There are 4 protein chains.
Amino acid sequence: MSGIWGKQLELSLFGESHGDAIGITINGLPPGFEIDMEEVQFEMARRAPGSSDLTTPRKEKDLPEILSGFLDGKTTGAPLTAIIRNTNTRSKDYSLLKDVMRPGQADYPGRMRYKGHNDHRGSGHFSGRITAPIVFAGAICQQWLKQKGVTVSSHIQSIGHIEDQRFADQKEVTHEQAEAFKKDQLPLFDGEKKEAIRDLILEAKEEGDSVGGVVETFVLGIPAGYGNPFFDSVESTLAHLVFSVPAIKGIEFGTGFDITRMKGSEANDEYYYDENGQVKTRSNNNGGIIGGITYGMPIVFRSAVKPPASIKKKQQTINVREGKAAELEVEGRHDPCIVPRVLPVLEAVTAIALTDLILGGN
Amino acid sequence: MSGIWGKQLELSLFGESHGDAIGITINGLPPGFEIDMEEVQFEMARRAPGSSDLTTPRKEKDLPEILSGFLDGKTTGAPLTAIIRNTNTRSKDYSLLKDVMRPGQADYPGRMRYKGHNDHRGSGHFSGRITAPIVFAGAICQQWLKQKGVTVSSHIQSIGHIEDQRFADQKEVTHEQAEAFKKDQLPLFDGEKKEAIRDLILEAKEEGDSVGGVVETFVLGIPAGYGNPFFDSVESTLAHLVFSVPAIKGIEFGTGFDITRMKGSEANDEYYYDENGQVKTRSNNNGGIIGGITYGMPIVFRSAVKPPASIKKKQQTINVREGKAAELEVEGRHDPCIVPRVLPVLEAVTAIALTDLILGGN
Amino acid sequence: MSGIWGKQLELSLFGESHGDAIGITINGLPPGFEIDMEEVQFEMARRAPGSSDLTTPRKEKDLPEILSGFLDGKTTGAPLTAIIRNTNTRSKDYSLLKDVMRPGQADYPGRMRYKGHNDHRGSGHFSGRITAPIVFAGAICQQWLKQKGVTVSSHIQSIGHIEDQRFADQKEVTHEQAEAFKKDQLPLFDGEKKEAIRDLILEAKEEGDSVGGVVETFVLGIPAGYGNPFFDSVESTLAHLVFSVPAIKGIEFGTGFDITRMKGSEANDEYYYDENGQVKTRSNNNGGIIGGITYGMPIVFRSAVKPPASIKKKQQTINVREGKAAELEVEGRHDPCIVPRVLPVLEAVTAIALTDLILGGN
Amino acid sequence: MSGIWGKQLELSLFGESHGDAIGITINGLPPGFEIDMEEVQFEMARRAPGSSDLTTPRKEKDLPEILSGFLDGKTTGAPLTAIIRNTNTRSKDYSLLKDVMRPGQADYPGRMRYKGHNDHRGSGHFSGRITAPIVFAGAICQQWLKQKGVTVSSHIQSIGHIEDQRFADQKEVTHEQAEAFKKDQLPLFDGEKKEAIRDLILEAKEEGDSVGGVVETFVLGIPAGYGNPFFDSVESTLAHLVFSVPAIKGIEFGTGFDITRMKGSEANDEYYYDENGQVKTRSNNNGGIIGGITYGMPIVFRSAVKPPASIKKKQQTINVREGKAAELEVEGRHDPCIVPRVLPVLEAVTAIALTDLILGGN
């Protein structure tokens, strides 16, 4: 089953890239919560295509229309549904691709899953565009979390082989810096890498190719005691949503895969009381979560974003109608690198997961 | 909420390390399925402590007692519950640890989550021991999957800095080889590394320290067309369960984090028809899953297992009752490396996730 | 939590009576299912207001707009969302009623539940109008069930004190008769009661008052073996959805409350093989369900529909803003009797419940 | 799917009448809640067989053994599992009944559902005995509710044609009276009916037959504002659980089916402020729930309990192995009337439903 997620905060997602509209229903928002629609728009604009020369020129305003659950600027407590009309859909671009399976795309698995009835236009329900309503929901959750002192942000950990510093390398990351990252299309701790990253993306664009990268997401201000052991650990909940985002192939918390090369005596995060009597740990190798539960340090995780599968280069594949090999050169609009547009999506799902946990009292 | 997982196959897990019993209820098993209890025992023995000098000397037979849903060797279709009595529980070992928070363990987050009422003896409900009933359920699922031609297995990808070859490096991995790995405590594609790995673990043991590693799990024979886009992708489902296993800090599918350093033209898995007219891909960088759905190639993923937090070395921490710093030297039984015992747990959750998907027709 | 229902077939409902739109998302419809939109329209028209002098003059076409999950006349397998715009909303009618709680309506409990933030216009999310998307979903399910030989229909069992014969009193009820009932605004086994019922409703209308009644719903062609014991019996599943329909205050299966006055020897439905070797029962006091599971006889249940709370007569109540007693005379459009419009809603939820069970293989 | 129920408070039920043990896992109980085990025993004894000449002589102590989630007399917050061993199981009584389908029992539907693999001994998982763990869970919930000022109780509304007064006829029902009812095997508002009811049951017993009845359950002290509109109304939630109890064939809230014969002007419950400024209604025809949400008056509902299907009288039925008609005379232990033992079960499910709603903040 798909489309529905959550316990206390329940989402119901729908839509296809080239259908009439995409949208989401959010159940369980507390009544009387005032939504700042400009902030919502700001988050959605971060994800929207066409915002710079680094992304696809498909331009859509992605203005959400709220149909229910919202009155006089506040939530009513009833299900809140928002839709976004698909306006700039050049369906003819995709008409030839019903039979020729694009490598790296969901064409073939989707065809097998839905017995050939899936909407194939522009990847249909598999399109990255379906994350727009998720960003809408996440933006509301981020506002709600902010009232509780919790900030979710992220930076580009790497594009191709170019790496930024890690969150763990910083002395301190303030809520202000976290907010500032959101205004930057290429947020980095080490700003000097920006030029090289920019060049790498534009170079791939010129080649008709694409590049991937890693996003590091972090959560400031999350108190100890949220989460669960079996089966709904914070890691489980976050990973579940993160792997719903197209193009994600890996996730690691805290020191992640590197922790496997540490000794236990190095890996363990030792506790101490700080000057204010707050419990802290000297290192944060566990990324803010042990036993599936927060311990009061920032939640930190990195997500692997694969290079976009849509490239202009010629590729070998199959034509399923003819049942034989085929060559493919995909025309149309392409993102040479999806990473900058994935940042707000990962922040959105993080905010959604935490809101669900906190609303549920766990 | 915790303890319950699944849609078509629903699990309900319970128990604490030093309580009366641990166990699991499995809902949704097809009626009339014959369970080979010896195979179940075999899988459980792989996870059980005390099986070699590489693991904790705590010896428990871990014989499951089936209370319901099982008659004349077959499932009845009603909820199947099995319990495992805790027999070798030396609770006094842990009595001093109610106030002194062990670094890297769930003591502190668990205390915050459950307001000090959590069973602290031997990590209580957070103990790795709670994975025994999961292995029980997974063993049943593996038998069911085998009837459908699906085999789940895994090998040690690395311990500390010592690395095995990857699944992707092999010419072919047969069902037989996959089965053989299960009989090996240190299954490796490159058998020559076994000695070094063994030495590394024993060395850590002598130092009173611990080491981590990476497990690579793979699924042979899984057909195309299982899974979902938003929100229940195969990756989401697997990651959800994998992050329920204590000590896991990362998961990556296919080429994983390395795919972020490839160009799209390298990363895309090109389709072809093999000599039998079967659709295959030349590479398998996506680890058998695109768009959240299988495409007929093996599912491959790696999980990062942190070094066990329980070590003998002296550590700095806090005493929460006294509200001040404390030193800690943990006595008792310890695993210098949990990786060999985690292999069957990861196979179990993989089998559970796939059974849920296949039973649900998606 | 509200708005979401189902396991294999998952619904997500949204909307308020005087908001922009109401709608529903349906997850889990099999891909490639062809929907007859005229039949959907027909079912929706049965529920729509303004169809005769027996109902409220509020006229809305209730044309559903399908936004997703539907291509070239067939389901795609992705979530199918339909919305219905609210066009004929005279919000001013309701502006005075924010503070004065209408007896028998959800004004006061809704206000307490949502801390005064619920949309109060025309009962908001509590409006009977929200059942329109349910009828949309149910119409699709009825088409799907018909392909499996299952027909859902209903008749008016009673209006006020005027009673029709029961389904159990009929020699045989054919699929054709069941279909014919759907074209009748006042479907009755005993057609001679129609005039009296009509008069009773119009009389109540003239008095500015309202009348209730009982609906008997029946399902033909449902095979044995669908349903569950604890906790998702067919009765549980049907009752859950039926009590989601506004104005329902009771439900009984088979002989219902009357069975409590029978002896076991009378109540037990004795089995026999009919001339075709089919297992049948001589009586059907259990209404087609025992142990939560169908046994191959028609499912039969009756639902109690209370008289509409919206009446013109003067009523005593409270003004919550002023914190004191108030008198109330509700203006606006009223249904003197909701029963004829509830028939298709009850058929819809029945079809939804059965589709969920059958799709889930249980 | 079966066995699992709930959102904030999740139950997982298991067991068969003649298996090793029956039991339940309760997820979501608040940590640190002190359970009075004597009160739990008291509630379980009310349901247990053999307590008087009115019930089956099968004697079981039904002592629950708590396996997890409970330490030093308090909940830990982890899943709480309790099992009850089946000790007095005379399986041979039932051995002949695998092929001969008992009318009114789940033998035939269960056989169809589980393809002949269901445990047929003593009705297996369909047995009323499986409600014992539900009473265990409900007893804990009743203790929790009592701390919030909420009392759940019930009385016998009718046995056969003998009727007690209704809750609605009483001037006032105090928490004390509600508690006193629990100590009475035949709780009635009109005590003079007790003798006649007793005689009726014993008469049925002598005849080898059985009688049914109606139970009226009521909840005192429930505040306004709990529940939901679509789809989880209080009525939906209660009815879902009530119809999980074997032998229930109907449920009605407040005035129930009788409200269908009232005019709207009679049926509407008018609001007023009482001398303490509390909002109340003059009548309670809606049984404490409108729009799916409580309004501060007692919740009142009646459940129809059919006469036990197990009778000694000769019955006509089928032998499914032979595929032909059969005669049946059931030996063994029988309840001539299940109503007195159903009272605590209905109170239990009511308490469970309300605890789930209140814990979830709705």
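The values are calculated or read from the model by the stated rules, or taken from the named source; none is laboratory data. Remember, predicted model here, so these are calculated numbers, not experimental data. All Cβ positions, even for glycine, are placed from backbone atoms using ideal geometry, and neighbour counts span all protein chains on display. The area values use the complete protein model at the heavy-atom level, side chains included, leaving out ligands, DNA and RNA. Shrake-Rupley method; radii C 1.70, N 1.55, O 1.52, S 1.80 Å.
Tabulated data
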{"item": "Unit charges on C-beta of K, R, D, E only; dipole of the protein assembly as shown, Debye", "result": "0"}
{"item": "Residue-count net charge about D:GLY191 - beta-carbon cut-off 13 Å; Lys, Arg +1, Asp, Glu -1", "result": "-2"}
{"item": "For the stretch A:266-294 and the stretch D:296-324, distance of Cα centres in Å", "result": "59"}
{"item": "Nearest-ten-degree value, helix C:194-206 long axis tilted from longest Cα axis of chain C", "result": "20"}
{"item": "Across the identical copies, how the A:LYS148 labels are spaced - nm, sorted shortest first, 7 Å along Cα→Cβ", "result": "2.0, 3.7, 4.1"}
{"item": "Most positive-pole-ward Cα, B:ALA48, B:ILE159, B:LEU354, against dipole of chain B from beta carbon charges", "result": "B:ALA48"}
{"item": "Global geometry of the stretch C:245-362, whether rounded, prolate or oblate, following the gyration tensor of its Cα atoms and the 1.5 cut on a/c", "result": "prolate"}
{"item": "Cα gyration tensor category, rounded, prolate or oblate, for the stretch A:121-236 with a/c compared to 1.5", "result": "oblate"}
{"item": "Coarse-grained scattering of the stretch C:226-314 at q = 0.17, 0.21, 0.24 Å⁻¹, given as base-10 log I(q)/I(0) from a Debye sum over alpha-carbon atoms", "result": "-0.80, -1.06, -1.22"}
{"item": "Theoretical ellipticity at 222 nm over the protein assembly as shown - DSSP helices of four or more residues, -39500 (n - 2.57) apiece, nearest 500", "result": "-7500 deg cm²/dmol"}
{"item": "Over chain D, relative contact order from alpha-carbon pairs under 8 Å, at least 6 apart, %", "result": "22"}
{"item": "Overall form of the stretch C:187-249 per C-alpha gyration tensor (a/c, 1.5; a/b vs b/c)", "result": "oblate"}
{"item": "Top positive-direction residue, dipole computed over the stretch C:177-271 with Cβ charges, set C:ILE251, C:VAL219, C:THR237", "result": "C:THR237"}
{"item": "Inter-chain shielding of A:97-106 (mean C-beta neighbours from other protein chains, 10 Å cut-off)", "result": "4"}
{"item": "10 Å Cβ neighbours from other chains, averaged over peptide B:136-148", "result": "0"}
{"item": "Label-point separation, A:ASP99 to D:LEU63 (7 Å along Cα→Cβ), nm", "result": "7.6"}
{"item": "Under 15 Å from the A:PHE42 label point (7 Å along Cα→beta-carbon), backbone N, the stretch A:159-188", "result": "A:175-185"}
{"item": "Across the identical copies, how the B:GLN278 labels are spaced - nm, sorted shortest first, 7 Å along Cα→Cβ", "result": "4.5, 5.6, 7.2"}
{"item": "Listed residues C:GLU266, C:GLU16, D:GLU275, B:GLU65 arranged by accessible area, highest first, probe 1.4 Å", "result": "D:GLU275, C:GLU266, B:GLU65, C:GLU16"}
{"item": "Angle between chain D longest axis and helix D:37-47 axis [Cα atoms, degrees, rounded to 10]", "result": "60"}
{"item": "Translational diffusion coefficient (Stokes-Einstein; Kirkwood radius from C-alpha pairs) of the protein assembly as shown at 4 °C, 1.567 mPa s, in µm²/s", "result": "39"}
{"item": "C:LEU63, C:LEU241, ranked by accessible area, largest first (probe 1.4 Å)", "result": "C:LEU63, C:LEU241"}
{"item": "Nearest-first distances (nm) between copies at B:GLU331, label 7 Å from Cα via Cβ", "result": "6.2, 7.9, 8.5"}
{"item": "Local net charge near D:ALA348, Cβ-Cβ under 12 Å (Lys/Arg +1, Asp/Glu -1)", "result": "+2"}
{"item": "Solvent exposure, largest accessible area first (probe 1.4 Å, DNA, RNA and ligands not counted), of C:LYS306, A:LYS324, C:LYS98", "result": "A:LYS324, C:LYS98, C:LYS306"}
{"item": "Contour minus Cα-Cα distance for C:LYS314 and C:ASP258 (0.36 nm per residue)", "result": "16.5 nm"}
{"item": "Peptide-level mean, for A:63-72, of C-beta atoms on other protein chains within 10 Å", "result": "6"}
{"item": "Distance from the stretch B:101-148 to the stretch A:155-198 (C-alpha centre basis), Å", "result": "36"}
{"item": "Values of log10 I(q)/I(0), in the order q = 0.09, 0.11, 0.12 Å⁻¹, for the stretch C:4-359 under a Debye, Cα-only, solvent-free model", "result": "-0.52, -0.77, -0.92"}
{"item": "For the stretch C:155-282: relative contact order, % (alpha-carbon pairs under 8 angstrom, 6 or more apart)", "result": "21"}
